Amino acid sequence: MKKTFILDTNVLLHDPNALFRFEDNTVVLPIGVIREIDQFKRDMSELGRCARQVSRSLDELRSRGKLSDGVRLGNGGLLKVVGPAGAPLEPGRNGSVDREIIELAMHFQRTGPEPCIVVSKDINLRILADAHGIEAQDYESDRVDISELYLGYSELELSPEQMAQIAAGGMVPYVGEPRPPNEYLLLRDTADAQHTLLGRLDPEARHIIPLLPVPRELGAVRPRNKEQWFAMDALLDERIRLVTIIGKAGTGKTLLAVAAGLYMTLERKMYRKLLVSRPTLPMGKDIGYLPGGVEEKLDPWMQPIFDALDLLMSERKDGTSTRQLLEQYGGHIAIEPLTFIRGRSIHHQFMIVDEAQNLTPLEVKTIITRVGHGTKIVLTGDIYQIDNPYVDSTSNGLSKAVNRFRSCGLAAHINLRKGVRSELAELAANLL
């Protein structure tokens, strides 16, 4: 049975191709949504880019016919833009697009032959629609089932002879059910279950291989649990080009990534630059309210990165600040906001995107497609600590990247579970 879907503005800003993802059903855009899209079109952020793409799509559809009458889509669906003339209740008479959507849905529910559904990423609008007897749904085309989110590792039993071979730095053939490439393994001795080793499934030779040794140059930064050993191996292996690390606060995801990036850039010289970035999503006032120039405005968002650099470079410093130390390395280390990444081609760099859980799937796609020859990209984040109102733990770009790259031999994923910052931090992360 065909249905009528009324889309909220945040759905289009989350995925500008949402117009074409409802199969052969009717998609309705209230005129208030078009007005809100227009307010974003000059924004230089990813929201602005999405708004402009929506406008271009609608303009292209307009050339095929009147949007008010409905334009047929390639998938057999119908798209309509409905204004006050299309609904007797005059949507938006109180200036609220939410009210306009609700009134329009009530109108279609009374007069239309098809079931009407409001689609919004705004929880409160979905609650409001339900209170008015209107079916409401989240936009779920890109949702990932968190209960089935890939951990990146599992257990496997080996014979004593195979365990000895791994312990000696060799590899053993993998025989068993298909597993994702670069899956990490906790290896147990069949003769002694207490005897364990760590390994990884090589994606090319289909062998189980030992983890890379942690270099002495990393100093005090040593893995403290098996998940951190797995993460460090993925970060140090130049054959793995995309690393995703998920973990709650205090699990060491940012520190490990920055430590590996410094080592691979400054010591091994595998990369020309260490580029660290994170989205500037505020938990309080926006960046424009902060005093100073761009660098000073960015300091509050980038301070966790500076904290990690302070810890890692403390042995090299002689009373100089981290910023002075960065200048000393002549451009080999850069800390930038993600706002500046669009349109670039990033070659031969070790790139870390921190707090990636606040990115939409489209933003993550934009970032990864900027990666050029010789570049390694690391996405870190906590999917249960999201500040972006347009995504949640199941629809953010980090979760989607983990899910989509699971079967790719160039990617590896690790879920860090144990906090290492301090006993109190671990207790707070679990209890609060």
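The values are calculated or read from the model by the stated rules, or taken from the named source; none is laboratory data. Remember, predicted model here, so these are calculated numbers, not experimental data. When we count neighbours, we look across all protein chains shown, and the Cβ atoms used for this are built from the backbone with ideal geometry, even at glycine.
Against the conditions (1) over 19 Å from Leu416 (Cβ atoms); (2) out of contact with any Ser or Thr (no Cβ under 9 Å at 6 or more places or on another chain); (3) of a type outside the set (Phe, Trp, Tyr), where does Asn358 fall short? Just the number, please.
All conditions pass for Asn358, except number (1).
Considering only the stretch 53-71, state which residues are more than 17 Å from Pro16 (Cβ to Cβ) and either in contact with a Leu (Cβ under 6 Å, 6 or more places away or on another chain) or touching a residue at least 40 places away in the same chain (Cβ under 8 Å) (or both).
Filtering the stretch 53-71 for residues more than 17 Å from Pro16 (Cβ to Cβ) gives 63-66, 68-70.
Residue satisfying the conditions is Gly70 alone.
Among the residues of the stretch 129-142, how many are crowded, with 19+ Cβ neighbours inside 10 Å and part of a loop (DSSP other than H, G, I, E, B)? Break it down stepwise before answering.
As a first pass, look at the stretch 129-142 and keep what is crowded, with 19+ Cβ neighbours inside 10 Å: 129, 134, 136, 139, 142.
If we keep only those that are part of a loop (DSSP other than H, G, I, E, B) too, we end up with 134, 139, 142.
Of the residues in that region, 3 qualify.
Please state which one of Arg126, Arg179, Arg188 is basic (Lys, Arg), in contact with a Ser or Thr (Cβ under 7 Å, 6 or more places away or on another chain) and not in a helix (DSSP H, G or I).
Details: Arg126 fails: not in a helix (DSSP H, G or I); Arg179 fails: in contact with a Ser or Thr (Cβ under 7 Å, 6 or more places away or on another chain).
It is Arg188.
Taking the condition under 21 Å from Ala136 (Cβ atoms), modelled with pLDDT under 90 and surrounded by 18 or more Cβ atoms within 10 Å (Cβ to Cβ), does Val33 pass? Give the steps one after another, and end with the answer.
Values: under 21 Å from Ala136 (Cβ atoms): yes; modelled with pLDDT under 90: no; surrounded by 18 or more Cβ atoms within 10 Å (Cβ to Cβ): yes.
In short, no.
Do we find a residue being under 30 Å from Leu362 (Cα atoms), part of a loop (DSSP other than H, G, I, E, B) and not basic (Lys, Arg) anywhere in the stretch 165-173?
Applying the first criterion (under 30 Å from Leu362 (Cα atoms)) to the stretch 165-173 yields none.
No, the stretch 165-173 has no match at all.
Keeping to the stretch 372-401, report how many residues are among the β-branched types (Val, Ile, Thr) and in a loop (DSSP other than H, G, I, E, B).
Kept after step one, since they are among the β-branched types (Val, Ile, Thr), are these residues of the stretch 372-401: 375, 377-378, 380, 383, 386, 391, 394.
Keeping just the survivors that are in a loop (DSSP other than H, G, I, E, B) gives 375, 383, 386, 391, 394.
Counting residues in the stretch 372-401 that are among the β-branched types (Val, Ile, Thr) and in a loop (DSSP other than H, G, I, E, B) gives 5.
Tell me yes or no: at least one residue of the stretch 415-425 is touching a Ser or Thr at 6+ places or on another chain (Cβ under 9 Å), small (Gly, Ala, Ser) and not in a loop (DSSP other than H, G, I, E, B).
Within the stretch 415-425 (the criterion being touching a Ser or Thr at 6+ places or on another chain (Cβ under 9 Å), small (Gly, Ala, Ser) and not in a loop (DSSP other than H, G, I, E, B)), the answer is no, since none of the residues qualifies.
Suppose we keep only residues that are more than 19 Å from Asp354 (Cα to Cα), of a type outside the set (Asp, Glu) and at pLDDT below 90 within the stretch 210-247. Which one would you say is surrounded by the most Cβ atoms within 10 Å (Cβ to Cβ)?
Filtering the stretch 210-247 for residues that are more than 19 Å from Asp354 (Cα to Cα), of a type outside the set (Asp, Glu) and at pLDDT below 90, the one surrounded by the most Cβ atoms within 10 Å (Cβ to Cβ) comes out as Leu218.
Restricting the stretch 214-248 to residues that are part of a helix (DSSP H, G or I), aliphatic (A, V, I, L, M) and in the same structural domain as Gly372 (by TED's automatic domain parsing), which is farthest from Leu309 (Cα to Cα)? Spell out the reasoning first.
Let us first name the residues in the stretch 214-248 that are part of a helix (DSSP H, G or I), namely 216-218, 226-236.
Next, from what is left, pick out any that are aliphatic (A, V, I, L, M): 218, 231-232, 234-236.
After this cut, where a residue has to be in the same structural domain as Gly372 (by TED's automatic domain parsing) as well, the list is 231-232, 234-236.
On the way: Ala231: 19, Met232: 17, Ala234: 20, Leu235: 17, Leu236: 18 Å.
It comes out as Ala234.
Quick check on my filter: what residues within the stretch 341-374 are farther than 26 Å from Asp392 by Cα and surrounded by 20 or more Cβ atoms within 10 Å (Cβ to Cβ)?
Here is the first cut: in the stretch 341-374, the ones farther than 26 Å from Asp392 by Cα are 343-350, 372-374.
Hits for the stretch 341-374 are Gln349, Phe350.
Working only within the stretch 395-417, note down all residues that are out of contact with any Leu (no Cβ under 9 Å at 6 or more places or on another chain) and of a type outside the set (Lys, Arg).
Passing the criteria: Ser395, Ser407, Gly409.
So which residues in the stretch 120-142 are of a type in the set (Gly, Ala, Ser) and out of contact with any Leu (no Cβ under 9 Å at 6 or more places or on another chain), if there are any at all? Break it down into steps so the answer makes sense when it comes.
Filtering the stretch 120-142 for residues of a type in the set (Gly, Ala, Ser) gives 120, 129, 131, 133, 136, 141.
Scanning the stretch 120-142 gives Ala129, Ala131, Gly133, Ser141.
Does Tyr150 count as on the phi < 0 side of the Ramachandran plot, in contact with a Lys or Arg (Cβ under 9 Å, 6 or more places away or on another chain), part of a loop (DSSP other than H, G, I, E, B) and at pLDDT 90 or above?
On the way: on the phi < 0 side of the Ramachandran plot: yes; in contact with a Lys or Arg (Cβ under 9 Å, 6 or more places away or on another chain): yes; part of a loop (DSSP other than H, G, I, E, B): yes; at pLDDT 90 or above: yes.
Here the answer is yes, as Tyr150 does meet what is asked.
Is it the case that the stretch 55-78 has a residue that's under 30 Å from Ile367 (Cα atoms), part of a helix (DSSP H, G or I), modelled with pLDDT of 90 or more and small (Gly, Ala, Ser)? Give the derivation first.
Of the stretch 55-78, the ones under 30 Å from Ile367 (Cα atoms) are 55-61, 73-75.
Applying the additional criterion that residues be part of a helix (DSSP H, G or I) yields 55-61.
Restricting the remaining residues to those that are modelled with pLDDT of 90 or more gives 55-61.
Now drop any that are not small (Gly, Ala, Ser), which leaves 55, 57.
Yes, the stretch 55-78 has at least one match.
Is it the case that some residue within the stretch 166-174 is outside the structural domain of Leu256 (by TED's automatic domain parsing) and within 29 Å of the chain's Cα centre (by Cα)? I'd like the intermediate steps shown before the answer.
First, pick out the residues of the stretch 166-174 that are outside the structural domain of Leu256 (by TED's automatic domain parsing): 166-174.
If we keep only those that are within 29 Å of the chain's Cα centre (by Cα) as well, we get none.
No, the stretch 166-174 contains no residue that is outside the structural domain of Leu256 (by TED's automatic domain parsing) and within 29 Å of the chain's Cα centre (by Cα).
I'd like the full set of residues that are part of a loop (DSSP other than H, G, I, E, B) and surrounded by fewer than 24 Cβ atoms within 10 Å (Cβ to Cβ), limited to the stretch 249-271. Walk me through it before giving the result.
If we filter the stretch 249-271 for residues that are part of a loop (DSSP other than H, G, I, E, B), which is where we start, we get 249-252, 268-271.
Ala249, Gly250, Arg268, Lys269, Met270, Tyr271, listed by residue number.
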